[in-house]
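Below: one structure, written as structure tokens.
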Amino acid sequence: MSYTSCLPAWSVGPDCYQDVFATARRFGKTAAVIGGKTALSKAYEPLKAALAGSEFTLSQPIWYGGNSTYEHAGALEQLPEVQQADMIFAVGGGRAIDTCKAVAQHLDKPLFTFPTIASNCAACTAIGVFYNADDTFCDYFYPTRCPEHTFINTRIIAEAPESLLWAGIGDALSKECEVELASRGKDLFHTTLLGTMLAHTCTEPLLNYGATAMQQCRENTPGTELEQVALAIVISTGLVSNLTTDPTKYYYNSSLAHCVYYGATMLPASGGKHLHGEIVSFGVLTLLTWDGQLEQRDRVLRFNRSIKLPVTLAEIGMAEADLQTVADKAATVLEWTKAPRPVTKEAFMQAMRDADAAGRALLAAEA
Ligand SMILES: [Zn+2]
């Protein structure tokens, strides 16, 4: 069996759009610029300025439609300025970029991504999450390769709402421990071995630089720490996702931390109110507790507390009476099976209780 692997390439920094021409020119001379409204308002002019004086031309900003649906992708594919462009520039957060993955694939054009928030790794992965018109989940879209190149403009990321970075940190905290748990004891081949090793680079930058990065985002100042954290969220986790996920053959990309999130979606006061990454960060505490990694659990606990990510059930809108509902739902998702030994609902609920107790003890010690 032969196969092809594609890895992300990236540029980062407050002036990284200066490298767009050198990177994109071999693919042609025109780009359709598609994205979210706020994202386009932040990124379009800097992009245009960076390309001024070159022979490269951009379309006018094109709104992607507001959600990653196949209807919006289809409508974009009909636009002459999109059809005639040599390549697609996707600007924005996960949904705008994912929409462009379908557009680029269907029109067989190269895709370049310009994330304007550091909230997830959509900008460099070979997967898109698609929704129905009523915002319910539709399916995963698998393009044949990841985007050609990702430009992380830290000046724009620093100006984005800090809550998005905050939740992005919470979600990215799950990558290392989930991949390690899901792949432990498994027979790994080249690709998955690379992915599981790279997973070990995801957590430390978040713990070391997360608090300062949050401060830089609050103050709109793109410093080294924000850059390191943005790279961990957008690139490191994306590399790992690409290398540990195959639509049909293997999946080591996620585990029990996300089970807590899926369980929370059953509760209006939890999944309905709190951000994905916020709940996942409590899921990380649950996973580490379930696995007996209490020293690391307590490190993450103190970190969570330092940037006000949740350390208790109450902070994610959950009570003892909800745990059975959470566990019942969690036990139905694929991630439930991604552990080296069988997970029982009782042990899962107990891990949530124990993580909550440790969090409450930390809060009590502060008082
Ligand atoms: Zn997640």
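The values are calculated or read from the model by the stated rules, or taken from the named source; none is laboratory data. No experiment lies behind these values; they were computed from the predicted model shown. Note that we place each Cβ from the backbone using ideal geometry, even for glycine, and neighbour counts take in every protein chain shown.
Points worth noting:
- For A123, the conditions (1) buried (at least 23 other Cβ atoms within 10 Å of the Cβ); (2) assigned by TED's automatic domain parsing to the domain that holds G277 are fulfilled apart from (2).
- Pairs with Cβ under 8 Å, 6+ apart, first in the range 167-178 and closer than 17 Å to G94 by Cβ and more than 10 Å from the ligand (Cβ to nearest atom), second in a helix (DSSP H, G or I) and β-branched (V, I, T): I169/V229; I169/I233
- From L47, L7, residue being in contact with a Leu (Cβ under 8 Å, 6 or more places away or on another chain), part of a loop (DSSP other than H, G, I, E, B) and not basic (K, R): L7
- Exactly one residue out of A269, A264 is within 28 Å of D322 (Cα to Cα), in contact (Cβ under 8 Å) with a residue 24 or more places away in the chain and either more than 16 Å from the ligand (Cβ to nearest atom) or hydroxyl-bearing (S, T, Y) (or both): that is A269.
- Residue-level check: of (1) β-branched (V, I, T); (2) in a strand (DSSP E or B); (3) in contact (Cβ under 8 Å) with a residue 60 or more places away in the chain, V20 misses just (2).
- All positions within the range 74-132 that are within 24 Å of I169 (Cβ to Cβ), part of a strand (DSSP E or B) and either free of Cβ contacts under 8 Å to residues at least 60 places away in the same chain or touching a Phe, Trp or Tyr at 6+ places or on another chain (Cβ under 6 Å) (or both): A90, V91, G92, T113, F114, G128
- First in the range 55-70 and over 12 Å from D98 (Cα atoms) and in the same structural domain as D86 (by TED's automatic domain parsing), second anywhere and among the acidic types (D, E) and not in a loop (DSSP other than H, G, I, E, B), Cβ under 6 Å, 6 or more apart: S59/E81
- Those residues of the range 256-299 which are assigned to a helix (DSSP H, G or I), within 22 Å of L164 (Cα to Cα) and aliphatic (A, V, I, L, M), in sequence order: A257, V260, A264, I279, V280, V284, L285
- Selection within the range 133-143: residues that are on the phi < 0 side of the Ramachandran plot and in contact (Cβ under 8 Å) with a residue 40 or more places away in the chain. The member of this set that is farthest from the ligand (Cβ to nearest atom) is A133.
- When the criteria are applied in full, K48 meets the requirement of being surrounded by fewer than 16 Cβ atoms within 10 Å (Cβ to Cβ) and free of Cβ contacts under 8 Å to residues at least 40 places away in the same chain.
- Among the residues of the range 81-110, those that are among the charged types (D, E, K, R) and either more than 18 Å from the chain's Cα centre (by Cα) or surrounded by fewer than 19 Cβ atoms within 10 Å (Cβ to Cβ) (or both) comprise E81, D86, D108, K109.
- Any hit, the range 162-174, residues being surrounded by fewer than 24 Cβ atoms within 10 Å (Cβ to Cβ), modelled with pLDDT of 95 or more and farther than 30 Å from E320 by Cα: yes
- Residue in the range 228-247 that is surrounded by fewer than 23 Cβ atoms within 10 Å (Cβ to Cβ), among the hydroxyl-bearing types (S, T, Y) and modelled with pLDDT of 95 or more present: no
- When the range 80-127 is filtered for residues that are of a type in the set (D, E) and more than 16 Å from the ligand (Cβ to nearest atom), the ones remaining, listed by number, are E81, D86, D108.
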